[in-house]
Amino acid sequence: MPDNDVPLKAIEEAVESLLPAAAGGDFTMQAVLKAVGAGRSQKLQERIERFLDGDGRFFSDGRRSFRLKSGFFRNFAFPITPDAWEIENGILFPGHRFAPFIAPEIFPSEVHFTAADGSEPGRHEVTAPLSQVFHYHLLLGSEQVFDFFLADSPANAGIRNSAKPTDLVTLNVFDLGAFYREHDFRKGDALLCKVLDYDAGCVEFRYLPGDERKESDLAAFVQQFDKALDLVIDRFENYLEIPEQLCWACYCGREFLPPAERAASCDEYLHRTGAIELRCDGDHTVLDRRQTETDDEYQPELPEGMRFSRGETAEITAMLREIGSPLSPVEIDSFILDNCYARELEFEDFFARAFGREKLHFVDEGQQAVFYNYIEDRFEELTGNYNRVDDELKAPLRSTIMELVGDRLEFFDFLESTGEKLDQLPKEKVHRLAEVSMQLVEILKMLNDPRFTPDETELDQLTETVEQRADDQEALIAELSDSVAKEE
């Protein structure tokens with residue numbers, strides 16, 4: 001049969017006949033030609049290559065050698081690093097965490113996820129602001145994220161065309177609370193995952209302690225993965241979707257990428273790489289080499305007010321710590337409510353009182369945008385719904401506590417002015433100061449709750465407790481200040 005007359009079905013059947021033997025390895029163009037039983041013309045070989053490239057199940061090394069993705073990823077290992085908010089709430093968002101390592105037909109929340117002992121975590125829904133969950137899905141491609149949200153829950157139907165950072169989304173998550181507790185799981189620890197079945201989306205995981213993950217190893221992995229993605233970009237330019245780019249990078253870097261125990265997770269890689277960035281190319285988001293000057297045309301299309309960030313953006317408490325604020329979310333709400341009670345409703349006045357001016361240290365503009373969106377939305381919500389009648393009884397005690405919070409902030413400002421760090425001060429006193437702050441925060445939670453209407457006895461008891469904690473804080477700050485003065 002002339003090469004030009006070989007039907008596509010014959011090529012398809014020839015390839016399928018080779019797959020049982022190729023399940024764990026490669027097969028060559030020569031093997032396909034032999035199975036087809038035709039000649040070896042360049043035109044026929046190009047037709048076979050186009051067929052295999054379009055099939056999507058295969059890798060190609062560029063030398064007319066092919067490999068099933070399912071075979072390549074069998075027993076492939078990779079880490080997942082839950083963040084502080086996930087750990088605190090005992091959950092794991094599937095998001096983009098599995099996408100490069102399993103068949104694209106498998107929906108992320110339908111991954112068959114099992115522990116090494118055979119136990120399988122349950123699944124449940126979590127509802128949270130878009131700004132808090134968006135980053136778990138960045139590597140799906142920004143144009144795919146909202147399709148994913150809608151497919152994951154019909155409750156998300158309203159956010160497709162007019163999404164705002166504060167909009168609530170409902171998503172399916174894995175319940176890992178028991179696993180986290182069993183291993184005293186902390187930020188920096190990882191789930192070491194192994195692909196059992198690429199096509200079926202079966203992934204096994206075990207605990208990988210953070211103290212076994214060296215910073216030097218993670219830095220080396222990021223550098224090597226940059227190199228692997230360079231190869232993918234050179235070959236495909238911006239044609240592939242992000243999960244495919246990452247998938248191909250695993251294959252292109254197979255000879256030099258470190259083992260999973262020394263690897264960075266997808267999330268860690270995105271935060272650490274300085275050579276690769278997310279860019280908008282036409283109608284889809286891709287990973288590309290970082291531009292020396294980033295033009296607006298390259299920015300991915302995100303919801304209004306959303307930006308990519310290398311910093312913490314998932315959880316407000318963690319973000320506050322990273323940008324240098326000692327406040328808790330409860331204390332921020334309390335500052336807002338205290339301003340409401342005092343009829344001081346200018347946002348700038350509240351912000352200066354709570355955070356000072358030019359004192360916060362943001363990782364980048366993306367983190368700053370997320371933070372300001374959160375604070376501004378919280379200010380608008382609380383000032384817009386403030387009920388002076390219901391708050392009249394509780395507000396004076398809240399004001400007293402906020403004066404104590406202000407005193408603590410002044411002490412931290414004093415420390416910063418001297419160059420002293422909290423961890424350089426007497427640990428017992430610092431720990432006691434933290435305990436005082438936590439007790440006051442618990443009282444603030446009660447006072448901020450509109451359902452809490454204390455009677456006179458309850459209010460007297462709370463007032464007495466606050467006065468005791470005020471004396472404790474004053475003494476501790478004085479002692480700690482003396483410690484700083486003596487060192488000087």
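Quick notes on this one:
- Glu428 vs. criteria acidic (Asp, Glu), without any contact (Cβ under 8 Å) to a residue 40 or more places away in the chain, under 27 Å from Ile336 (Cα atoms) and in a helix (DSSP H, G or I): no
- Residue count for the stretch 410-425, restricted to those that are assigned to a helix (DSSP H, G or I) and open to solvent by 20 Å² or more (accessible area, probe 1.4 Å): 10.
- Residue list for the stretch 187-219, filter: without any contact (Cβ under 8 Å) to a residue 60 or more places away in the chain and of a type in the set (Ser, Thr, Tyr): Tyr207, Ser216
- Residues of the stretch 116-155 that are in contact with a strand residue (DSSP E or B) (Cβ under 8 Å, 6 or more places away or on another chain), farther than 19 Å from Arg279 by Cα and open to solvent by 10 Å² or more (accessible area, probe 1.4 Å): Ala116, Glu120, Pro121, Gly122, Arg123, His124, Glu125, Val126, Thr127, Pro129, Asp152, Ala155.
- Failed condition for Thr465, given (1) without any contact (Cβ under 8 Å) to a residue 40 or more places away in the chain; (2) loosely packed, with under 13 Cβ neighbours inside 10 Å: (2)
- The set of residues in the stretch 220-256 that are aromatic (Phe, Trp, Tyr) and either open to solvent by 80 Å² or more (accessible area, probe 1.4 Å) or without any contact (Cβ under 8 Å) to a residue 60 or more places away in the chain (or both) comprises Phe221, Phe225, Phe236, Tyr239, Phe256.
- Leu168 surrounded by 15 or more Cβ atoms within 10 Å (Cβ to Cβ) and either under 28 Å from Tyr374 (Cα atoms) or under 19 Å from the mean Cα position of the chain (by Cα) (or both): no
- With respect to (1) modelled with pLDDT under 90; (2) surrounded by 17 or more Cβ atoms within 10 Å (Cβ to Cβ); (3) over 19 Å from Lys445 (Cβ atoms); (4) not acidic (Asp, Glu), the lone exception for Arg357 is condition (2).
- Of everything in the stretch 437-455 that is part of a loop (DSSP other than H, G, I, E, B) and not acidic (Asp, Glu), the residue that is least open to solvent (accessible area, probe 1.4 Å) is Pro454.
- Of the criteria (1) more than 17 Å from Leu176 (Cα to Cα); (2) touching a residue at least 24 places away in the same chain (Cβ under 8 Å); (3) open to solvent by 20 Å² or more (accessible area, probe 1.4 Å), which one Asn89 fails: (1)
- Top-ranked residue of the stretch 431-488 - restricted to ones that are small (Gly, Ala, Ser) and in contact with a helix residue (DSSP H, G or I) (Cβ under 8 Å, 6 or more places away or on another chain), ranked as farthest from Phe412 (Cα to Cα): Ala470
- Pair list, Cβ under 9 Å, 6 or more apart: the stretch 66-82 residue within 19 Å of Gly56 (Cα to Cα), other residue polar (S, T, N, Q) and surrounded by fewer than 19 Cβ atoms within 10 Å (Cβ to Cβ): Phe66/Thr28; Phe66/Ser60; Arg67/Ser60
- Residue among His183, His137, His96, His112 that is in contact with a His (Cβ under 6 Å, 6 or more places away or on another chain) and under 22 Å from Ala77 (Cβ atoms): His96
- Selection of the stretch 46-85 for residues being part of a helix (DSSP H, G or I) and among the hydroxyl-bearing types (Ser, Thr, Tyr) yields only Ser70.
- The single condition among (1) more than 30 Å from Arg378 (Cα to Cα); (2) touching a residue at least 12 places away in the same chain (Cβ under 8 Å) that Gly118 does not meet is (2).
The values are calculated or read from the model by the stated rules, or taken from the named source; none is laboratory data. Since the model is a prediction, treat every value here as computed from it, not as a measurement. Glycine gets a Cβ as well: all are built from the backbone with ideal geometry, and neighbour counts include every protein chain shown. For the accessible areas, the whole protein counts, side chains as well, though only heavy atoms, and no ligand, DNA or RNA atoms are used. Shrake-Rupley method; radii C 1.70, N 1.55, O 1.52, S 1.80 Å.
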